[in-house]
Every structure is written in C-alpha cells, then in structure tokens.
Amino acid sequence: MNTAEPTSGPLSSVLIRGARVIDPASGLDGVRDVGVRGGLVEAIGEGLDSGAYERVIEGAGKILAPGLIDPHVHLREPGQVHKEDIESGTRAAVAGGFTTVCCMPNTSPALDSPEMVEFVSKRAEADGHCRVFSVAAATAGRKGERLAEIGLCLDAGAVGFSDDGDVVESASMMRSVLQAVKETGKCFMQHCQELTLTKGAVMHAGTVSARLGHKGWPREAEELIIERDIRLNMGIGCAYHIQHMSSGRSVEIVARGQAAGVPVTCEASPHHLHLTHEAIETHGTMAKMNPPLREQSDVEALRQGVADGVITVLATDHAPHTDDEKRDTMSGAPFGIIGLESALGLYHKALVETGKIDWVKLIELMTINPARLCGLDSQGIGLISVGGPADLTLIDPEHSWTLGEGDLAGKSSNTPFLGWEMGMRAVMTMVGGEVRWTLE
C-alpha cells in the first residue's frame, strides 16, 4: 500500500543493489549497485560490499534513475494555501517520484522580489519533502508593465523567469524581458496566449465548443506568441522556453526556430499528450485547461514532437484547485489540474507504451533536460554521479496500478485521470540520501 506520509530516516548509508541504472547524462544504462553515504552518491559499480551499508534496497527488476525534476508546478504559497502549500505540494511530488520541483511565480504576492524568492527557499527548507527552486516573475507583479528585480532575484536563487499564468503581452516589454534575462544566463519561460483571441474562452475552438455553446480558444492564440517571440529573440539569443504547448502547429513553428539557430525549447504536459476537447463533455471543468485540450491531431503531433526531439522537456503544470472551485460553472471554474502523482505513469503510457520513445529518452526528458533548462545540472541535480547529491528515483516498470484518490498526496484532487490504469510506477524517492517516500 501507499505509505500515508513521506518517510525520512536517520540512516547515513544505503546500498541500492542490482537495479538497471539509467543515467542519460553519462550514457550509463546497465545493471549496477549504487552506494549512498552522507547524502551523496559514494559508489557506482558491480558487487559493492553490502556489509558496508546500514540498509540494502533490492533493485533487481527495477530501474534506478536520477531523481525526477518538474520545472513547472504551482505550489500556491503564499496566498492560496487552501489549494496547496509547499509542504503538501512537495509531498505530492515525492509520491510521484520527483526530487526537485520549480515553482511558478503566480502567487499572492507574486514571486517578483528577492524577499519572495528567499521566502520560498526558507519554507522549503523547513517543510519541504523535496528540493524546491523558484522561477521568479519577469515583470513586477506579473503585470507586464515594468521589469521585476531580475538581477536581485537571480542572486536570491531564482533558476528562471516567467510571468506564468499570464503572457508578456507587449512586444516592447517582451524585448526588454529577453534582454534582461539574457544577462542572467537563465531561461525565460513563456505562457503563450494572445489575449485578444481568448477573452471569455473556456475551451478549444472546435466542434465540441460549437456544440456546447462555449466560446472557443483558437490554436493561433498560442502560435502567434511563439512566432512573435522567436522573431524578437533572433537578435538577442536569450534561452527561451515555451510552457505547456498544446497545438500541433506550434511544434512546426518551434522546429523551424530551432533549425534557424534560435535558442528555443518547449515542454509538453500529461494532459495534452492524452486528452482532447471531447473530455469536456465527460469531465466538465476537470478538463478545463490553460491552454485548452485540443484535437487528436494535436495529441499525435505533440507525441511526435517528443519523438523527433523538438519537445525536450516534460512538465506537469501541476495546478491544484479546491473541489468547490471546480464545481463552479464552466465559465467560472478555474483552469488547470494536478499532475505530480500521476505524471510518470501518464508519460510512459503516452510515449513509451506507444513506441514513440524508450525508457532512456523518457528519463532524459524528466531529469537532465529540465536540470539543464534551469541550470541545476551544475549542482549535480539531474544525474547520477559519484560525489553528487543522492537524489534517486526507483521505478518498477511492471507495476500495474489504477490512480485513485488514495494515491493523491497533496491537498487537491482536481484531475480527470482518476480511474486510469498505469503500467509502471515509482516505488521509492530518495532526496539527499534520505528515503522520502516508498510504496509498500
């Protein structure tokens, strides 16, 4: 059964024996023992002496990966802790195999100052079950009117910049943001939504919205911002990242930008790799997303974009809301769903079980690639290396299970994936050498 709470023990040394160790950063893919001592990886090899360790975890038949990283989560603290907070959100993270999450700045107040970035760090250090890094706001209050304290937020520990939840609407301000973030060496993460095309829209513009009488949200609202920003960035060269991509045509636009040498990357989320706008008819507001669920052709194009290497990061956009909020009307209910506990299984179902990618590529998309996006690889995060932090995820590739409410470790349960069967599961999450969660 699922342990009721994350676990943490005083053990200083652990041996994980005989697992298939996959570390995309180094190219390692083979059966190995991994020894952990004092929070660090002490040794990687065959036949390590189990007597030298206080605890032995049998890994035979399982996959040992670098701790999973989610570069796009909403922890809701400060300001909306009735939905989630740093403690509960990181509890959900370790239950899904994640050892690092990067939280978005659309809190209240926004994460737009060094004091707010430091607040998150202190709260995570005190109450977090995994590592938490801040993606700070690029504009003050996320209002798109003037730059935030970007340099000071960097000094306080911000690993990227975004006005997520809102687009940087003005092209002039967007140019200034790209120039300012370029100076930090970090990435800018854009929420791509052309606002004049989406005012009052609640779902994809298509046959379902027409049938239900809802205002539709066209693909062009995403695509136009991507095209604009790539063009603005051609002469600047800021690391530019597109969040939660939903349109198949967006994949084509990004591929052209990448081919032209523009430093543009993008991510896909579990819901956009599985669901279409038809889910609104069966799940109602539980399928209300920003950007919205689109059509099967978009799902297939996004999956192919992963297979082709255009989409290089997988990120949940974990967005907790209360049951009461989601029970509102389609126009009144908030956008978004939770995703941390189910993400690994859903990615595997969409990409590995369909033959689009293999295990090595899946782990790359969930570890070293998001680590590089946020500059965390320089801290040894996202890889398994001797002397590096012992952030590890043990995965049972044959563990079949069905997502139920008892598997949700955070405060909220807003997901349309309850009842879905998964063909594998993370069974242990280790952060800094401490086992923070196990499936027993």
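The values are calculated or read from the model by the stated rules, or taken from the named source; none is laboratory data. The model shown is predicted, which means the values in this text are computed figures rather than measured ones. Here the Cβ is made from the backbone with ideal geometry for all residues, glycine too, and neighbour counts use every protein chain on show.
Within the bounds of segment 359-366, is there any residue that is part of a loop (DSSP other than H, G, I, E, B) and either surrounded by 24 or more Cβ atoms within 10 Å (Cβ to Cβ) or over 16 Å from the mean Cα position of the chain (by Cα) (or both)? Within segment 359-366, none of the residues are part of a loop (DSSP other than H, G, I, E, B) and either surrounded by 24 or more Cβ atoms within 10 Å (Cβ to Cβ) or over 16 Å from the mean Cα position of the chain (by Cα) (or both). Looking at segment 288-309, is at least one residue closer than 30 Å to Glu77 by Cα, in contact with a helix residue (DSSP H, G or I) (Cβ under 7 Å, 6 or more places away or on another chain) and among the polar types (S, T, N, Q)? Checked segment 288-309: no residue is closer than 30 Å to Glu77 by Cα, in contact with a helix residue (DSSP H, G or I) (Cβ under 7 Å, 6 or more places away or on another chain) and among the polar types (S, T, N, Q).
Scanning segment 151-169 for residues that are more than 20 Å from the chain's Cα centre (by Cα), surrounded by 20 or more Cβ atoms within 10 Å (Cβ to Cβ) and under 21 Å from Ile230 (Cα atoms) returns a single hit, Val168.
Note on segment 1-81: enclosed strands (runs of 3 or more DSSP E) holding 2 or more residues that are touching a strand residue (DSSP E or B) at 6+ places or on another chain (Cβ under 6 Å), β-branched (Val, Ile, Thr) and modelled with pLDDT of 95 or more are 13-23, 28-37, 55-58, 68-73. The single residue among Glu434, Glu405 that is on the phi < 0 side of the Ramachandran plot, among the charged types (D, E, K, R) and surrounded by fewer than 18 Cβ atoms within 10 Å (Cβ to Cβ) turns out to be Glu405. Considering Arg303, Arg327, the condition of being at pLDDT 95 or above, charged (D, E, K, R) and touching a Leu at 6+ places or on another chain (Cβ under 8 Å) is satisfied by Arg303 alone. Exactly one residue out of Leu418, Leu346, Leu394 is in contact (Cβ under 8 Å) with a residue 24 or more places away in the chain, among the hydrophobic types (A, V, I, L, M, F, W, C), on the phi < 0 side of the Ramachandran plot and not in a strand (DSSP E or B): that is Leu346. Elements of the type helices (runs of 4 or more DSSP H) sitting completely within segment 97-184 and holding at least 3 residues that are in the same structural domain as Leu224 (by TED's automatic domain parsing), of a type in the set (S, T, N, Q) and out of contact with any Cys (no Cβ under 7 Å at 6 or more places or on another chain): these cover 171-184.
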